[in-house]
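Notes for the one structure printed next.
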Amino acid sequence: MTTESLDRVRMRELFDLRGSYNELTGGHYDGDPYPTWHRLREEGPVHPGTVHELTGRPETLYFQGLPFPDRPHFSAFSYDACMEAFRDPAVFASSPEAVDADPEAGSLGHQSMLSMGGVQHRRYRGLVQPSFLPSNAEWWMKNWIEETVHLLVDGFAGDGHAELNVDFCAAIPVLTITGSFGIPMEQALDIRAALTRDHQKIIDILTPVVAARRAEPRDDLISILVQAELTDEAGVAQRLTDEEIYTFSLLLLAAGSGTTWKQMGTTITALLQRPDVLNAVREDRKLLRPAIEETLRWMPTDPMFSRWVTEDIEFHGQRIPKGAVMHLCVAAANRDPARWDSPDEFDIMRPLKSTLAFGQGSHICLGMHVARGEMTAGINALLDRLPGLRLDPDAEPPSFVGMYERGATAIPVLFDVK
Ligand code: HEM
C-alpha cells in the first residue's frame, strides 16, 4: 500500500487553518492571545462576553457554544473556574436544552453524546469507551496508526525535505479514524471535506459499510457500533439504529480527524524551534511523553469549550443568569500562574500536572489515548527515520494561528538522506 491516492493539493486546501474550511472558527487570527488572557484573568477569573470578543475580535465566529446571539455570554479564564464548571454538569450543562430520549422514537437519533448529560450520556459513552481505553492503544497502533505513519514517511524520506503539517500531521489522524471505520483511503478526504459542509455525503459513504458490517462484523470500530447494545431504564437491550450509528460516527470522525492534526503540528513546531530540546527528546525517548503533555498545556488546539448555565448563580464574582452560555477558556486556564510556575515557558522538564486540554469531568475527551498514540508514533517515526531533522532556514518559518482552532502554518523541514 502507498499514500499515492492522497491528493496533496486537496490536502493543502482542506488542512489550511487560514483557508476557507476553517475561516468560521477564526483561522485567520494570527495574533498571540495569551497576553490578553493573562490580563483578563488578573482582572477577574470570569468576564461577560465571548472569548474572541474579549480578545479584541468582534466578528461572528462559530465553535461549540457559538454563536448564540440571544443569550448572555460569559468567559472563564482561570484554572479553578474552568475546572469547577467541568465538574458540575448539573449547573453547567453540555447543551442549551436538556437532551432527553424521545419516548416515541425510543432513541436519541441525531443528538451526539457531546451534548448529552447524566445517565443518557453515560449509556452512550459506555458503548464505545472500552475501545478507547489505554489498554486498547495497541489495537489502534497495530491496526491503523503504525502503518499509516510509516507509509507517510516512506513518501518523503528520500527527498531530504518535507512539509510536515499537511503531508504528515494532518494525514495521520484522518487516515486512522477513517481506517477504523473501514473507509478506504481514496474516500478519506471526501469525509474530511464533507464534515463541515455536507453530512449527507458522509452518511452515503457510511451506509454500505454499516450494511456490510451488520452482515459480517470485522475487527474495526464500525463493527463495534453495529453490534453495540444500549440498555434502557427497564433493562431491555437494543441495537443502535442506523441514525444513531451515523450520529456517533459523525462525532468520532469530526473529533478524531481535526484535533490531533493541529496538536501534533504544534508539538513538532515547538520542538523544531528549540533544537536542544528536540535533540534531548531524540536521544532519550522517555522525554517524548512530557514534550507532548507540555504542548497540550502550553498550546491546546481547541482553546475553548462551552457550557449552558441551568440556574441563576454567583460564579467567581459574576452574577450569571439561567440560560447564559459559559465559555471555558481552557488555553488560558492551562497557563494559570496559580497552578504552573512561569506558565508561558515551554518546559518539558516541569513537574507533570493534569491540564484541561482534553477537558475534564464526564465529557473528558474520549479519544485522548488515541490522540497521544498518534502523536507518539508520528514523532518517534520522524526522529527514527529522518536524521538531522531541522526547520528549513530558507523557507517561511511556521507560526501559530487560529482563534478557536489553533495550530501551526506550514512546517518546512530539511533532513539528511541516508
Ligand atoms: C489532541 C487531540 C484532541 C484534543 C485536544 C481533544 C479535545 C477534546 C475536548 C476538550 C473534549 C471535551 C469537550 C467538552 O467537554 O465539551 C473532547 C471530547 C471528545 N473527544 Fe477529543 N480531542 C482530541 C482528539 C480526539 C480524538 C483522536 C478522538 C476520537 C478518535 C476524540 C473524540 C472525542 C469525543 C467522542 C468527545 C466527546 C466525549 C463526550 O462527550 O463524552 N478526540 N475532546
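Within the set Arg319, Arg297, Arg282, Arg289, the sole residue that is outside any helix (DSSP H, G or I), of a type in the set (Lys, Arg) and either within 13 Å of the ligand (Cβ to nearest atom) or modelled with pLDDT of 95 or more (or both) turns out to be Arg319.
For segment 330-344: of the residues being within 22 Å of the chain's Cα centre (by Cα) and among the charged types (D, E, K, R), which is farthest from the ligand (Cβ to nearest atom)? Going through the qualifying residues, I end up with Asp344. The set of residues from segment 62-97 being modelled with pLDDT under 90, farther than 24 Å from Arg41 by Cβ and surrounded by 14 or more Cβ atoms within 10 Å (Cβ to Cβ) comprises just one member, Pro96.
Just one of the numbered conditions (1) of a type in the set (D, E, K, R); (2) outside any loop (DSSP other than H, G, I, E, B); (3) away from the ligand (no atom under 16 Å from the Cβ) is not true of Arg192: (3).
Residue count for segment 212-232 satisfying the condition of being among the hydrophobic types (A, V, I, L, M, F, W, C), surrounded by 12 or more Cβ atoms within 10 Å (Cβ to Cβ) and free of Cβ contacts under 8 Å to residues at least 60 places away in the same chain: 3. There is at least one residue in segment 348-362 that is more than 16 Å from the ligand (Cβ to nearest atom), at pLDDT 95 or above and surrounded by 17 or more Cβ atoms within 10 Å (Cβ to Cβ). Taken together, the residues in segment 363-387 that are open to solvent by 30 Å² or more (accessible area, probe 1.4 Å) and away from the ligand (no atom under 16 Å from the Cβ) amount to 4.
One residue stands out in segment 40-56 among those that are in contact (Cβ under 8 Å) with a residue 40 or more places away in the chain and in a loop (DSSP other than H, G, I, E, B): the one that is farthest from Tyr21 (Cα to Cα), namely Gly44. Flag not set for Glu59, criterion: assigned to a helix (DSSP H, G or I) and open to solvent by 30 Å² or more (accessible area, probe 1.4 Å).
The values are calculated or read from the model by the stated rules, or taken from the named source; none is laboratory data. Note that the structure is a prediction, hence the values are computed from the model and not measured. Neighbour counts run over all protein chains shown; Cβ positions are idealised from the backbone, glycine included. Surface areas here come from the heavy atoms of the whole protein model, side chains and all, with no ligands, DNA or RNA. Shrake-Rupley method; radii C 1.70, N 1.55, O 1.52, S 1.80 Å.
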